[in-house]
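Here is the structure we will look at.
The values are calculated or read from the model by the stated rules, or taken from the named source; none is laboratory data. Computed from a predicted model, the values in this text were never measured in an experiment. Don't worry about glycine lacking a Cβ; one is built from the backbone with ideal geometry, like all the others, and counts go over all protein chains shown. Remember, those area values only see protein heavy atoms, side chains included, never the ligands or the DNA or RNA. Shrake-Rupley method; radii C 1.70, N 1.55, O 1.52, S 1.80 Å.
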Amino acid sequence: MLKEIKNLLLIFITLVAVGYLALVCVYALPTKPIQTNVMEASNILQMEDSHPELIYGHQDTMLDNLTDSIMMNIARFEKEENVFQEALLNKRVMAHGLMDSELLAEEAAGKIAGDEAVSYGRYWHGYLLYLKPFLMVFNYGQIRYFIGMIQLGLFVSVVYLFVKKNKASHIIPFTAAYFFLNPALLSLSLQYFPASVLTMLQFLVLLLQEEKYRENHKRWIYHFFIVGCLISYFDLLTYPLLTLGMPLTFLLVENRKSMKDSIVRFLQSCMAWGAGYGMMWGSKWILATLLTEENIIKDALGNVLIRVGASDNEVKASFVQVIMKNIGANKLCLLTVVLVFIGIILYCILKRRSIDFGKLDFGVLLCAMLPFAWYVAVSNHSYIHYWFTYRILAISIYAILICTIRLFESK
């Protein structure tokens, strides 16, 4: 146990050091070409607004252009201090009374310029590793096209490996979960990119290295600890739990031994992911507070206390309301998944396949419950931002559908 803890700490220190130095490097890049492409993005942002709905009246089809504006505003910031501090403070230009998307539009029109530099140091903003280089060459519309192609390519690659590795039973559950995420939105939003891509990359790794994960369960702990660190580094608290729930479901389904073993592996993996996520996030607060003149720890802790509450300004919400709001966010897709579930059962009944309850995996059922635990733990954020936090329910969809298929599989 001490050896494992020592190895995990070494991995953690390495990830923090590499992550910080990588940010320092991208902050050293020239900002002039970035600023030009960000100004071009203002045309799209002005036309679409801060939170446009691809299908009017359906909030589950809402883009988060406001957060995309913040990300680009940070990427284009002209450094004021040395890059070692700028990489920790992650400043952006603000103007009183204007949101980031509005500010960019006003600046592009030559009407106003930002007059205040505000830090956003409580996140790592690891997405800057690819966003800054992208913005040096491409505009916002072109970047949207690229991230859409990347995600489609990853999805096709995962499905191909399912077929090649004789795991076709995963195709319907995985596809249903993927479409529940709403691929059209994933391809148009910088904000939604890290969690979905990191999840699909894990499937590629798990499928290509299947034997290694089967032979050594300690690899699971290292895997999910690293993934927790990575999603904490790249993500802005969107739906990070997806990077734990779906890959863990796959591993438990494909490496089932006993109920006790399944539960132990579930708990170990969740603890490893949670430790990586929390430690990586906390390391940013500590580094930024120690190496700059701002108290990022105080700011971050204040934000955390708000996010674990269950309120939207003056509106109070119970845990049940938080859960129901997320479940109801994507009614049409959820109905489609229910129909798929019924279709699977009817098909198996017509084929006269008997139910083998011995194949029911309690660890996988626990994975299906992960989103609800998240909604209770991070209720404020899940209540206010339900129009994108609902996506972690893809874990439940994947877990329930694969469980159903396995129950009817021939012995």
Which of the helices (runs of 4 or more DSSP H) contained wholly in the range 34-108 include at least 3 residues that are of a type in the set (A, V, I, L, M) and within 23 Å of the chain's Cα centre (by Cα)? 65-75, 83-89
For the range 234-251, which positions are open to solvent by less than 10 Å² (accessible area, probe 1.4 Å) and either more than 16 Å from TYR192 (Cα to Cα) or outside any loop (DSSP other than H, G, I, E, B) (or both)? LEU242, THR243, LEU244, GLY245, MET246, PRO247, LEU248, THR249, PHE250, LEU251
Limited to the range 110-132, what total is found for residues that are assigned to a loop (DSSP other than H, G, I, E, B), touching a residue at least 40 places away in the same chain (Cβ under 8 Å) and surrounded by fewer than 17 Cβ atoms within 10 Å (Cβ to Cβ)? 0
Flag if TYR386 is closer than 26 Å to LEU236 by Cβ, open to solvent by less than 50 Å² (accessible area, probe 1.4 Å), hydroxyl-bearing (Ser, Thr, Tyr) and touching a residue at least 60 places away in the same chain (Cβ under 8 Å): yes
Are there any pairs with C-beta distances below 7 angstrom linking a residue in the range 15-41 that is under 30 Å from GLY228 (Cβ atoms) to a residue that is assigned to a helix (DSSP H, G or I) and β-branched (Val, Ile, Thr), with the two at least 6 apart or on different chains, and if so which? VAL24/VAL83; TYR27/VAL83; ALA28/VAL83
Hits in the range 160-183 (condition: part of a helix (DSSP H, G or I) and surrounded by fewer than 14 Cβ atoms within 10 Å (Cβ to Cβ)): TYR160, VAL163, LYS164, ALA168
Selection within the range 146-159 - surrounded by fewer than 13 Cβ atoms within 10 Å (Cβ to Cβ) and of a type outside the set (Gly, Ala, Ser): MET149, VAL156
It is to be established whether one or more residues within the range 51-59 are in contact with a strand residue (DSSP E or B) (Cβ under 6 Å, 6 or more places away or on another chain), open to solvent by 20 Å² or more (accessible area, probe 1.4 Å) and either within 22 Å of GLN191 (Cα to Cα) or modelled with pLDDT of 95 or more (or both). yes
Which number in (1) touching a Gly at 6+ places or on another chain (Cβ under 8 Å); (2) under 30 Å from LEU335 (Cβ atoms); (3) assigned to a helix (DSSP H, G or I) marks the one condition that LEU188 misses? (3)
Could you count how many residues in the range 252-290 are basic (Lys, Arg) and open to solvent by 40 Å² or more (accessible area, probe 1.4 Å)? 3
Provide a single number: the residues in the range 344-356 that are in contact with a helix residue (DSSP H, G or I) (Cβ under 9 Å, 6 or more places away or on another chain) and either open to solvent by less than 50 Å² (accessible area, probe 1.4 Å) or modelled with pLDDT of 75 or more (or both). 4
Filter the range 13-32 down to the residues that are in a helix (DSSP H, G or I) and either surrounded by 15 or more Cβ atoms within 10 Å (Cβ to Cβ) or in contact with a Cys (Cβ under 8 Å, 6 or more places away or on another chain) (or both) and list them by number. LEU15, VAL16, GLY19, TYR20, ALA22, LEU23, VAL24, VAL26, TYR27
